[in-house]
Amino acid sequence: MAKVPTREEAFALLKKYIKSENLIKHALAVEAVMRHFAELFGEDVEKWGIIGLVHDLDYEMYPEQHCVKVREILEQEGWPEEYIKAIQSHGWNICVDVEPTERMEKVLYAIDELTGLIAATALMRPDKSIMSTTLKSVKKKWKQKSFAAGVNREVIEEGARMLGMDLDQVIEETIKGMQKVAAEIGLLGDFQAG
């Protein structure tokens, strides 16, 4: 019988498999954005957050088996199938053939790469803060293919399409989600609230 993990259990598991500070910050950013979208859609905030938190669980130790090894790990931990499938589906057409079909999966698919682009944009700002990062500043960087070149913009666009949302709206809501954890993800910068 699968048992629903708590946030504490999920975070402990994350720390067991991920040692990189940047990957942990990325996990916290994705968690916050997933929680934000869950609120937006009236969904289970805790569940969405946990899935966002551990979505890259196998990435550091098993980069060649990313989104595959995670199934084995989470099955051993007794996690529900719904959580495992959601986590695997963010690697759809990249490293697995598990398609995002649920709204929660589509959000994760859309925002995973996007949080990286937004974080990189925030770090380019004079105050190095997510708090002053705007849709306009992200869109400007979006057009520069050499900027955050590792970010797969097609995946983000496909995710927005799957959700039936305007790309600008997805970007704006992702920024808002990340702003909620600005300090935890190292993007508060020199921001001074007016």
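Taken together, the values in this text are just the output of simple stated rules run on the coordinates, not laboratory data. Remember, it's a predicted structure, so these values are computed and weren't measured experimentally. Here the Cβ positions follow ideal geometry from the backbone for every residue, glycine too, while neighbour counts run over all protein chains shown.
Segment 1-27 and segment 131-165 have Cα centres spaced 26 Å apart. The magnitude of the dipole of the chain, with charges of +1 and -1 set on the Cβ of Lys/Arg and Asp/Glu and taken from the Cα centre, is near 840 debye.
With neighbours defined as other Cβ atoms within 10 Å of a residue's Cβ, the residues M165, M61 order from fewest to most as M61, M165. Here's the picture: charge each Lys and Arg Cβ at +1 and each Asp and Glu Cβ at -1 in the chain, and of S132, N152, Q179 the one pushed furthest to the positive end of that dipole is S132. Each of P100, A122, L167 was scored by the projection of its Cα onto the charge dipole of segment 96-167, and the greatest displacement toward the positive side belongs to A122; charges sit on the C-beta of Lys, Arg, Asp and Glu. Say we join alpha carbon atoms closer than 10 Å with springs in a Gaussian network model of the chain; which of V96, V68, V54 then has the biggest fluctuation? In this elastic network of the chain, the residue with the biggest mean-square fluctuation among V96, V68, V54 is V96. Annotation: segment 110-175 has a Kirkwood hydrodynamic radius of 11.7 angstrom, from the mean reciprocal C-alpha pair distance. Bridgeable aspartates and glutamates around K139 (alpha carbons under 19 Å apart, same-chain partners fewer than 8 residues away excluded): D112, E113, D127, E154, E157, E158, D166, D168, E172, E173. Given segment 7-179, report the % of alpha carbon pairs whose separation exceeds 29 Å. For segment 7-179, the fraction of Cα-Cα distances above 29 Å is 14 percent.
Using R0 = 30 Å, the C-beta based FRET efficiency linking S146 and E21 works out to 0.75. Summing charges over neighbours of G189, with a neighbour being any other residue whose Cβ is under 12 Å away from its Cβ, gives 0 when K and R count +1 and D and E count -1. To the nearest 10 degrees, how steeply does helix 21-41 sit against the main Cα axis of the chain, on a 0 to 90 scale? Taking Cα atoms only, the helix is inclined about 90 degrees.
As a length-normalised measure over Cα pairs under 8 Å and 6 or more apart, the relative contact order of the chain settles at 24 percent.
In this simple spin-label approximation, V45 and K176 carry label points 7 Å from Cα along the Cα→Cβ vector, and these lie 1.3 nm apart. Straight Cα distances below 22 angstrom link K140 to the lysines K128, K176, with same-chain residues fewer than 8 positions distant left out. With contacts taken as Cα pairs under 8 Å and at least 6 residues apart, segment 50-90 reaches a relative contact order of 45 percent. Take the Cβ atoms of R161 and E81, set R0 to 22 Å, and the FRET efficiency comes out at 0.25.
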